[in-house]
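What follows is a short report on a single structure.
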Amino acid sequence: MNYGLSEVQYIVIFGGVMSGLGKGIIASSLSHLLANSGKKVSVVKIDPYLNYDAGTMNPYQHGEVFVLDDGSESDLDLGNYERFLDQDLTGDSNITTGKVYKEVIEKERRGDYLGSTVQIIPHITNEIKERIRKVGKSGSDITVIEVGGTVGDIESMPFLEAMRQLHREEGESKVIFGLVTLIPEIGSSMEQKTKPTQHSVSSLRSLGIVPDLIFARSKKPLQNETRRKISLFTDVPESGIISVTDADSIYFIPGMLYRQGILDYISRKLSTGKLVYVDKWNKFTENLANPGESVKIAIVGKYTELSDAYISHREAFTHVTGKNGIAVEIKWVDSDLLKKTTEPLSDVNGILVPGGFGYRGIEGKVIAARYARENGIPFLGICLGFQVAVIEIARDVLGLEKANSAEFDANTPDPVIDLLPEQEGVVSKGATMRLGLKNVILKENSQASRIYGGAKVVQERHRHRYEVNPRYIRSLEDNGVIFSGCDEEGIRMEFLELSDRQNFIASQYHCEFKSRPLSPSRPHESLVMSALAHAKGKEGKLSKKYSTA
Ligand code: GLN
């Protein structure tokens with residue numbers, strides 16, 4: 001199918017100077033403003049790496065792998081777009097060098113280019129434009145494109161060239177360019193320096209791309225003098241130079257851009273007519289700015305030095321704060337430390353054990369689950385955290401001392417977590433897990449169903465390979481475990497609670513991925529409510545009024 005010229009308009013965001021300036025948040029914020037001004041917005045995140053997708057990448061290097069409804073394992077920025085747009089995306093919104101080259105080589109093998117020499121220009125750049133136009137074709141008015149990496153990177157070159165061509169083909173009134181850049185502030189006077197911005201703009205210009213918008217990142221707001229200087233050297237009018245300062249919450253950034261008139265500027269550039277923003281986040285951001293009560297929750301993981309590895313959990317808690325006005329202080333606890341002492345858990349009101357892979361850190365997570373169970377601390381286990389809770393109970397309550405997951409101990413006599421037969425023998429590691437949105441059937445009158453407001457079926461996203469071993473379900477249930485959620489076939493266990501308390505819960509699915517500012521993940525909300533009750537001294541059993549139903 002050929003996706004030719006269309007009515008869609010494009011805003012392309014590049015990064016200059018260096019990475020880590022919050023380009024994704026700026027592009028998400030802009031998308032949010034446009035979507036809440038009556039525009040249909042679609043987004044594309046370009047990742048110039050050679051991996052096909054983020055699924056096989058280590059969270060240490062790249063942060064969390066974000067999972068979409070369709071099972072795509074994508075860059076964590078897709079999570080930001082979904083949260084800022086309140087829209088479910090598909091894997092088409094994440095373009096990588098790997099996807100582009102794979103497709104072009106497959107086309108070459110099929111003979112689609114018979115007779116031609118296949119080259120970066122035009123074959124790779126055409127493939128990139130085709131993919132971008134395809135995303136816009138789903139009925140959107142504006143496609144926001146974020147080009148990952150920094151201007152000048154070898155990997156980004158074909159994408160920058162494709163953007164130049166897009167501008168040429170679609171026309172000036174259809175495509176505008178924005179550059180995110182750093183304004184260093186030096187000396188005790190914090191003088192704002194514009195030279196790095198000047199250099200980035202000239203690199204971009206040498207590639208045939210002239211920016212229309214500059215997002216200047218600095219600690220202090222841009223001084224008038226700095227703004228004037230940037231404008232003079234870059235040719236971008238002062239109204240197109242947006243100051244983006246560090247903020248206490250990423251959810252304050254749309255407001256920051258809006259107050260500087262970005263929508264008026266864009267409406268003039270793209271001749272959209274007046275863009276009237278309706279702020280649905282009013283109460284949400286107000287609660288974030290002034291929360292009332294507060295709880296402390298431990299996230300026990302192995303990538304705790306890099307909080308981006310668990311970004312969706314952090315955001316889910318922020319959504320709870322925005323809804324209920326309860327601040328959540330996250331205490332990052334390295335699970336390996338718990339093998340020596342549980343002291344790091346002694347001052348928390350709740351414990352979350354998130355997902356993960358591989359044996360390292362597991363025993364510390366088992367200790368965290370045991371500590372929560374024995375001391376009545378509210379607990380939420382997610383995916384691996386769910387499996388760890390099963391292992392802990394099997395060891396301590398069922399007396400199966402060597403119980404483990406077959407993922408960590410292939411020879412355990414009690415593989416309470418194991419592969420189902422259909423997964424045995426799968427060797428490939430790319431996209432071979434149980435991925436994406438699936439129905440979860442909830443037991444009536446269970447804590448799970450109360451948490452979800454009485455729902456019988458909920459849809460949540462998955463990313464796992466191992467399951468509760470069906471051979472052990474009966475004895476776990478005989479010993480106080482209630483599997484209150486399962487898959488449609490009744491084979492895979494999805495939600496776990498305990499018969500004698502209401503604040504120890506775990507899910508095989510990743511509820512953090514569907515959490516949105518105005519509709520937080522229910523299990524995270526439940527953990528925070530339980531933690532608040534715990535903080536107020538009402539340990540253990542919770543009355544129904546604290547359930548989030
Ligand atoms: N490693 C476990 C599995 O594959 C859990 C995965 C996860 O936590 N995302 O089943």
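The values are calculated or read from the model by the stated rules, or taken from the named source; none is laboratory data. Quantities reported herein were computed from a predicted structural model and do not represent experimental measurements. Note: ideal-geometry Cβ built from the backbone for every residue, glycine included; neighbour counts use all protein chains shown. In case anyone asks, the SASA skips ligands and DNA or RNA and just uses the protein heavy atoms, side chains included. Shrake-Rupley method; radii C 1.70, N 1.55, O 1.52, S 1.80 Å.
A few comments on the model shown:
- Protection-proxy order for peptides 404-415, 32-43, each taking the mean of Cβ atoms within 10 Å per residue, highest first: 32-43, 404-415
- Neighbours of Lys219 by Cβ distance under 11 Å: Lys/Arg scored +1, Asp/Glu scored -1, total 0.
- Probe 1.4 Å, protein heavy atoms only - accessible area per residue of segment 126-244 in square angstrom: 41
- Estimated FRET transfer efficiency (Arg259, Asn445; beta-carbon r; R0 41 Å; 0.05): 0.25
- Solvent-accessible area per residue in segment 390-546 equals 42 Å², computed with a 1.4 angstrom probe and all protein chains kept.
- Farthest positive-ward along segment 238-360 dipole, Cα basis, beta-carbon charges - from Ile311, Val295, Trp281: Trp281
- Three-way shape call for segment 352-473 based on the alpha-carbon gyration tensor, with the a/c threshold at 1.5: oblate
- Close amide H pairs (under 5 Å, H built 1.01 Å from N) link Ala327 with Gly292, Glu293, Ser294, Val295, residues at least 5 positions away or on another chain.
- Segment 195-273: C-alpha gyration tensor shape, a/c 1.5 cut-off, then a/b vs b/c: oblate
- Taking each residue as 0.36 nm, the span from Ser475 to Arg314 lengthens on full extension beyond its C-alpha to C-alpha distance by 54.5 nm.
- Nearest 10 degrees, 0 to 90: helix 125-136 Cα axis against the chain principal axis: 70
- Distance between modelled label sites at Glu185 and Tyr60, nm, 7 Å Cα→Cβ extension: 3.4
- The chain: C-alpha pair distances exceeding 35 Å, %: 41
- Distance-filtered residues of segment 471-511 - backbone nitrogen under 12 Å, label point 7 angstrom along Ala406 Cα→Cβ: 471
- Distance between the modelled labels on Asp347 and Ser202, one decimal in nanometres: 5.2 nm (7 Å Cα→Cβ projection).
- Pairs spanning more than 23 Å between alpha-carbon atoms, out of Lys129/Lys514; Lys45/Lys193; Lys323/Lys514: Lys129/Lys514; Lys45/Lys193.
- Sparse packing (at most 10 other Cβ atoms within 10 Å of the Cβ) combined with a DSSP loop state is found for the following GluC sites (Glu not before Pro) in segment 3-101: Glu7.
- Qualifying GluC sites (Glu not before Pro) in segment 295-336, DSSP loop, other Cβ atoms within 10 Å at most 10: Glu305
- Reducing segment 255-301 and segment 91-141 to their Cα centroids gives an inter-centroid distance of 35 Å.
- Placing Arg268, Arg360, Arg450, Arg501 in order of accessible area, with the largest value first and a 1.4 Å probe, yields Arg268, Arg360, Arg450, Arg501.
- Across q = 0.11, 0.15, 0.17, 0.20 Å⁻¹, segment 319-424 modelled as identical point scatterers on its alpha-carbon atoms has Debye log10 I(q)/I(0) values of -0.38, -0.66, -0.81, -1.04, in the order of the q list.
- Farthest toward positive dipole pole in the chain [+1 Lys/Arg, -1 Asp/Glu at C-beta], among Gln508, Tyr359, Ser188: Ser188
- Residue-level accessible surface for Val328, protein heavy atoms, 1.4 Å, Å²: 30
- The chain - charge dipole about Cα centre, Lys and Arg +1 at Cβ, Asp and Glu -1, debye rounded to 20: 1200
- Using alpha-carbon coordinates, inclination of helix 362-375 to the longest axis of the chain, degrees: 60
- Percent accessible area from carbon and sulfur atoms, the chain, protein chains only, probe 1.4 Å: 49
- Dipole check for segment 113-221: with +1 at the C-beta of Lys and Arg, -1 at the C-beta of Asp and Glu, and the Cα centre as origin, the magnitude is about 160 Debye.
- Under the convention that each Lys and Arg Cβ holds +1 and each Asp and Glu Cβ holds -1, the size of the dipole of segment 255-367 around its Cα centre is about 460 debye.
- Distance from segment 333-357 to segment 378-425 (C-alpha centre basis), Å: 18
- Inter-probe distance in nm under a simple model that places probes 7 Å from Cα toward Cβ, at Asp336 and Glu225: 5.0
- Compared with the dominant principal axis of the Cα atoms in the chain, helix 23-35 is inclined by about 80°.
- Principal axis dimensions, largest first and in whole angstrom, of segment 256-396 by Cα: 65, 33, 23
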